[in-house]
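What follows is a short report on a single structure.
The values are calculated or read from the model by the stated rules, or taken from the named source; none is laboratory data. Every value quoted in this text rests on a predicted model; they were computed, and no experiment measured them. Heads up, the Cβs are rebuilt from the backbone with ideal geometry, glycines too, and the neighbour counts pull from every protein chain shown. When the accessible area is computed, the model is the full protein with side chains, heavy atoms only, and any ligands, DNA or RNA have been set aside. Shrake-Rupley method; radii C 1.70, N 1.55, O 1.52, S 1.80 Å.
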Amino acid sequence: MDVDELRARLKRVPPTFAVFGDDGTEGRDAASTAAAVLIPVVARAQLTVLFTQRTTHLRSHSGQVAFPGGRAEPGDASAEFTALREAEEEIGLRREGVEVLARLPDYRTRTGYVVTPVIGLLTPPLALQPDPREVAEIFEVPLGFLLDERNRQRRTREFQGQTVGYYVFEHQSRVIWGATAGMLVNLNRMLA
């Protein structure tokens, strides 16, 4: 898939089914905190998706692979604004260097957030500077790998006394799971 095909596929009507919670069964009516993430697609010869590895000293989601993003602030005009603001704070990505392409369906996490994923296109060269308080590393994974259903798994774990399911992608030494992986499943459905 190239950039033009990506743009065309994202202009289509979103799929009627999407993973709305960490295991696809979460209710959509619970009160949640608004947040947004940027799904940064890098326009290389082979499209890639940019991820962050969170630092290990953070209180929540420490050491996990994530998209740049976070909680919406009262002055944020939109989910796109939140995602771009957070990406600038976390990885030094300049807002004017992002072509916003689309939104994915909102994603509800078990931790009480309703997250709006915003897909943005980045054109190299990238001059990124991770905030060392939040981001240990920035890396990319080929979009084709993430869209190939053979590369995703379903696993279960115990969470607050219940067995819950979640998606996982393993690429090289990286493990992408939970909400980030669920949003990638939604991206796959939108592009299919």
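Summary of values
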quantity	calculated
Hey, T16 at pLDDT below 95, of a type in the set (V, I, T) and farther than 22 Å from N188 by Cα or not	no
Conditions (1) open to solvent by less than 10 Å² (accessible area, probe 1.4 Å); (2) over 24 Å from R95 (Cα atoms); (3) not in a strand (DSSP E or B); number of the one not met by L187	(2)
Within the range 97-147, tally of residues that are buried (at least 18 other Cβ atoms within 10 Å of the Cβ), of a type in the set (S, T, Y) and part of a loop (DSSP other than H, G, I, E, B)	1
Where E158 falls short, out of the listed (1) over 25 Å from E86 (Cβ atoms); (2) open to solvent by 30 Å² or more (accessible area, probe 1.4 Å); (3) of a type outside the set (A, V, I, L, M, F, W, C); (4) touching a Lys or Arg at 6+ places or on another chain (Cβ under 9 Å)	(4)
Enumeration of residues in the range 102-122 that are at pLDDT 95 or above and more than 14 Å from the chain's Cα centre (by Cα)	L122
Members of the range 133-168 found to be free of Cβ contacts under 8 Å to residues at least 40 places away in the same chain and in contact with a Phe, Trp or Tyr (Cβ under 9 Å, 6 or more places away or on another chain), listed by number	F145, N151, R152, Q153, R154, R155, T156, R157, V168
Scope the range 86-100; condition under 17 Å from V115 (Cβ atoms) and over 15 Å from the mean Cα position of the chain (by Cα); matching residues	E89
Sole exception among (1) modelled with pLDDT under 60; (2) in a strand (DSSP E or B) for T52, by number	(1)
Filtered residue count, the range 151-173, keeping only those that are within 15 Å of the chain's Cα centre (by Cα) and either in a helix (DSSP H, G or I) or β-branched (V, I, T) (or both)	1
Number of the condition not met by R150 [criteria: (1) closer than 25 Å to G165 by Cβ; (2) open to solvent by 40 Å² or more (accessible area, probe 1.4 Å); (3) at pLDDT below 95]	(3)
V65 vs. criteria at pLDDT 95 or above and closer than 29 Å to P142 by Cβ	no
